[in-house]
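K.L.:
Before we start, here is the structure in question, set down as C-alpha cells.
The values are calculated or read from the model by the stated rules, or taken from the named source; none is laboratory data. No experiment lies behind these values; they were computed from the predicted model shown. Glycine also receives a Cβ, built like all others from the backbone with ideal geometry; neighbour counts cover every protein chain displayed.
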Amino acid sequence: MDHLDCAKRMLSFIDASPTCFQAVANLSRDLRESGFEPLDEAQEWNLVPGRCYYVTRNQSALVAFRMPHAAEGGQGEEGLVQGFQMAAAHADSPLLKIKSNPEMPFGDWYVRLNVERYGGMLCRPWFDRPLSVAGRVVVRTAQGVESRLVDLGRPVALIPSLAIHMDRAANEGHKLSVQKEMLPLVGTGASAGRLQQQVADAAQAAPKDVLGADLFLYYCQPGCIWGVDQEFVSSRQLDDLQCAWALMEGLKAAAPAPGRVALCAVFDNEEVGSSTKQGAASPFLLDVLGRIAGGSRVLPRLLANSFLVSADNAHGVHPNYADKADPTNRVVLNQGVVVKESASQRYTTDGISRAVFSLICQQAGVPLQTFANHADVPGGSTLGNLASSHVAVSAVDVGLPQLAMHSPYETAGVKDAAYLVQAMRSFYGSALVRTADGSFEVR
Ligand code: ZN
C-alpha cells in the first residue's frame, strides 16, 4: 500500500469530519459503499452468514461487523460464530462546545460566543486560529423532532490573544480562564442573531424551529503533509480519527476468517470519561455481541475465544522534551504501530495479548514499537479497559505515535496510518483460536 496515498485519504476523511457526528456519518457512508448494510437497534435483526452490517447509536458511535460464511456441510456443533475479532477506537476529540444562549454582546461593537471545554484540550494553541461551527441540531418537524447534521465549513469565529505589550509575562505561562479569556469573537454588534440564522439555514430550518443542538467550534484549517521529504502529517483530531479510519479500512479490506465475526467499534465521549450510552463504558458493544450471538447463554464461551485491539493514539517522544519519555520504551513517528503497556493496567496489554498482536504484525510485515509511560509521568487511560468492564476478552492496547496530542492541530508520521491498516487487515483476516487458557493458534 502506498503510504502517501493512504495518508491523503485519511486526511480527506478527517477534513470532512469536524465532530463525532460527521465522523460517524462519513464512516457509515463508506461502509454502505463497501456493501455493509445498516441495522437499527430498535428493530429485529436477521443476520445472514457472509454479510456485513453496521449499527449506530446517538449518531456518534458505530459498530460495524462481518458475519462469517456458513461452513460447508452445515454448522456442526459449534455453530456459525465461534468468536469475535474486535477493534475499537473513538470518534470524539477535544473541542470548544457552544453553550445554549451563546451570544455575549460587548457594547454595540462585538458579539462573542459563550463556550465551554469538551475534553482535556491544550488551550493555548486555540488562540488566533480561524474556527468554524459543526455538530448536530434537532429541529421541529410536522410530526415531532428530527436530528440534522450541520457544518458551516468556513471561518466564523476566532479567539484573539492579548498583545504581548499588555501582558509582558505572556511567555512565562499563566493559568487560562476559559470563561474569561477563551470566548471567541464571532461578529460586530450588528451580527446579533446571525450565527443562529446561519446554523438554522445549514439545517434547512427556521431558527425558531431549532429546539436543541450539540454544536462545537473546530479549527478549520485542513490537514497537510509536510517536512522536507513529506515525512509528517498534521491535522486536527488525529487522536483518534486516525485510528478509527485505519481500523475501518482494515476491516473493509480483510478476507473473512472462518468462524470469526470481524468487528470494529467506534465510540463517543472517550475524552470526557466514556460514561454515556454511546461511550465505551456503556453496554453498546455487549448489546451488539449478544444480538450477533443470538442470546446471552453462548456469549461467555464465544468471548473466551475472542480478542480485542483497542486503538488510541500514543505519545511519540518529543525531541525538545525527551526527558518526559520512558528511557527504553519510547516511540517515534513513522516507525510503526505502537503497543502500550502499563503495570497498573491502565492499558489492557498483557504478555499474551502482546504476543498475539506481535505475531499478527510480524506476519503482516508491520513494524511494532512499545510505549510505556515514564514512571513519574502518569499517562491517559484508553478504551480497552472500559470496553473490558462489559466485554471481558483478551485485549491489547495499541495506537499510532503522534506529537501535540489534544492540540487543535496534531502531528503524526506520514507512514503510520498505512501500517495500522495493514496490521488490521492481517488481524481480521487471521483466525485467532484459543487452544487453552493462555494459548492462541493464529491461522
Ligand atoms: Zn484518544
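K.L.:
Yes or no: residue 92 more than 16 Å from the ligand (Cβ to nearest atom), assigned to a loop (DSSP other than H, G, I, E, B) and either aromatic (Phe, Trp, Tyr) or more than 30 Å from residue 259 (Cβ to Cβ) (or both)? Steps first, answer last, please.
P.N.:
Values: more than 16 Å from the ligand (Cβ to nearest atom): no; assigned to a loop (DSSP other than H, G, I, E, B): yes; either aromatic (Phe, Trp, Tyr) or more than 30 Å from residue 259 (Cβ to Cβ) (or both): yes.
It is false that residue 92 is more than 16 Å from the ligand (Cβ to nearest atom), assigned to a loop (DSSP other than H, G, I, E, B) and either aromatic (Phe, Trp, Tyr) or more than 30 Å from residue 259 (Cβ to Cβ) (or both).
K.L.:
Identify, by number, the condition in (1) within 17 Å of the chain's Cα centre (by Cα); (2) assigned to a helix (DSSP H, G or I); (3) not polar (S, T, N, Q) that residue 292 doesn't meet.
P.N.:
(1)
K.L.:
Could you tell me whether any residue of the stretch 156-169 is in a strand (DSSP E or B), surrounded by fewer than 18 Cβ atoms within 10 Å (Cβ to Cβ) and modelled with pLDDT of 95 or more? Please lay out each step first, then the result.
P.N.:
So the first thing to find is which residues in the stretch 156-169 are in a strand (DSSP E or B), and the list is 157-159.
Restricting the remaining residues to those that are surrounded by fewer than 18 Cβ atoms within 10 Å (Cβ to Cβ) gives 158.
Those left that are additionally modelled with pLDDT of 95 or more: 158.
Yes; the residues of the stretch 156-169 include at least one that is in a strand (DSSP E or B), surrounded by fewer than 18 Cβ atoms within 10 Å (Cβ to Cβ) and modelled with pLDDT of 95 or more.
K.L.:
Hey, among 331, 338, which residue is in contact with a Phe, Trp or Tyr (Cβ under 6 Å, 6 or more places away or on another chain) and closer than 19 Å to residue 308 by Cβ?
P.N.:
On the way: 331 fails: closer than 19 Å to residue 308 by Cβ.
Among 331, 338, only 338 is in contact with a Phe, Trp or Tyr (Cβ under 6 Å, 6 or more places away or on another chain) and closer than 19 Å to residue 308 by Cβ.
K.L.:
I'd like to know if the stretch 342-361 contains one or more residues that are in contact with an Asp or Glu (Cβ under 9 Å, 6 or more places away or on another chain) and small (Gly, Ala, Ser). Steps first, answer last, please.
P.N.:
Restricting attention to the stretch 342-361, the residues satisfying the condition of being in contact with an Asp or Glu (Cβ under 9 Å, 6 or more places away or on another chain) are 342, 346-350, 353-354.
Now restrict to residues that are small (Gly, Ala, Ser): 342, 353.
Yes, because at least one residue in the stretch 342-361 is in contact with an Asp or Glu (Cβ under 9 Å, 6 or more places away or on another chain) and small (Gly, Ala, Ser).
K.L.:
Follow-up. Based on this model, can you work out whether residue 85 counts as away from the ligand (no atom under 16 Å from the Cβ), surrounded by fewer than 23 Cβ atoms within 10 Å (Cβ to Cβ) and either closer than 30 Å to residue 138 by Cβ or within 27 Å of the chain's Cα centre (by Cα) (or both)? Don't jump to the end; show me each part of the working.
P.N.:
Values: away from the ligand (no atom under 16 Å from the Cβ): yes; surrounded by fewer than 23 Cβ atoms within 10 Å (Cβ to Cβ): no; either closer than 30 Å to residue 138 by Cβ or within 27 Å of the chain's Cα centre (by Cα) (or both): yes.
Answer is no for this residue.
K.L.:
Here are some residues: 310, 274. Which one is within 16 Å of the ligand (Cβ to nearest atom), part of a loop (DSSP other than H, G, I, E, B) and touching a residue at least 60 places away in the same chain (Cβ under 8 Å)?
P.N.:
On the way: 310 fails: part of a loop (DSSP other than H, G, I, E, B).
Being within 16 Å of the ligand (Cβ to nearest atom), part of a loop (DSSP other than H, G, I, E, B) and touching a residue at least 60 places away in the same chain (Cβ under 8 Å) holds for just one of 310, 274, which is 274.
K.L.:
Please list, ordered by first then second residue, the pairs with beta carbon atoms under 6 Å, 6 or more apart or interchain, first in the stretch 387-411 and more than 18 Å from residue 336 (Cβ to Cβ), second more than 13 Å from the ligand (Cβ to nearest atom) and assigned to a strand (DSSP E or B).
P.N.:
Close Cβ pairs satisfying both conditions: 388/395; 393/308; 394/307; 395/308; 404/411; 408/219; 409/234.
K.L.:
Scanning the stretch 207-243 for residues that are of a type in the set (Gly, Ala, Ser) and either in a strand (DSSP E or B) or surrounded by fewer than 20 Cβ atoms within 10 Å (Cβ to Cβ) (or both), which turns out nearest to the ligand (Cβ to nearest atom)?
P.N.:
Going residue by residue through the stretch 207-243, those that are of a type in the set (Gly, Ala, Ser) are 212-213, 223, 227, 234-235.
Going one step further and asking which of them are either in a strand (DSSP E or B) or surrounded by fewer than 20 Cβ atoms within 10 Å (Cβ to Cβ) (or both), we end up with 212-213, 227, 234-235.
Details: 212: 27, 213: 25, 227: 24, 234: 17, 235: 14 Å.
Step by step, filter the stretch 207-243, then rank; the result is 235.
K.L.:
Here are 413, 351, 429, 379: which of them is of a type in the set (Gly, Ala, Ser), more than 30 Å from residue 290 (Cβ to Cβ) and away from the ligand (no atom under 16 Å from the Cβ)? I'd like the intermediate steps shown before the answer.
P.N.:
Details: 351 fails: more than 30 Å from residue 290 (Cβ to Cβ); 429 fails: more than 30 Å from residue 290 (Cβ to Cβ); 379 fails: away from the ligand (no atom under 16 Å from the Cβ).
Checking each option against the conditions leaves just 413.
K.L.:
Being within 19 Å of the chain's Cα centre (by Cα) and not hydroxyl-bearing (Ser, Thr, Tyr) is the filter here, so list the residues in the stretch 40-65 that pass it.
P.N.:
Narrowing the stretch 40-65 to residues within 19 Å of the chain's Cα centre (by Cα): 54-65.
If the condition is that a residue be within 19 Å of the chain's Cα centre (by Cα) and not hydroxyl-bearing (Ser, Thr, Tyr), then 55, 57, 58, 59, 61, 62, 63, 64, 65 are the ones that fit.
K.L.:
I'd like to know if the stretch 240-247 contains one or more residues that are among the aromatic types (Phe, Trp, Tyr) and touching a strand residue (DSSP E or B) at 6+ places or on another chain (Cβ under 8 Å). First the steps, then the outcome.
P.N.:
Step one: list which residues in the stretch 240-247 are among the aromatic types (Phe, Trp, Tyr), which gives 245.
Those still in the list that are touching a strand residue (DSSP E or B) at 6+ places or on another chain (Cβ under 8 Å) too: none.
No; the residues of the stretch 240-247 include none that is among the aromatic types (Phe, Trp, Tyr) and touching a strand residue (DSSP E or B) at 6+ places or on another chain (Cβ under 8 Å).
K.L.:
Filtering the stretch 288-300 down to residues that are farther than 14 Å from residue 260 by Cβ and either touching a Gly at 6+ places or on another chain (Cβ under 9 Å) or aliphatic (A, V, I, L, M) (or both), which residue is surrounded by the most Cβ atoms within 10 Å (Cβ to Cβ)? Lay out the reasoning, then the answer.
P.N.:
Start the filter on the stretch 288-300 by keeping residues that are farther than 14 Å from residue 260 by Cβ, which leaves 288, 290-291, 294-300.
Okay, now just the ones that are also either touching a Gly at 6+ places or on another chain (Cβ under 9 Å) or aliphatic (A, V, I, L, M) (or both), so 288, 294, 296, 298-299.
Values: 288: 26, 294: 14, 296: 10, 298: 14, 299: 18.
Across the stretch 288-300, the extreme among qualifying residues is 288.
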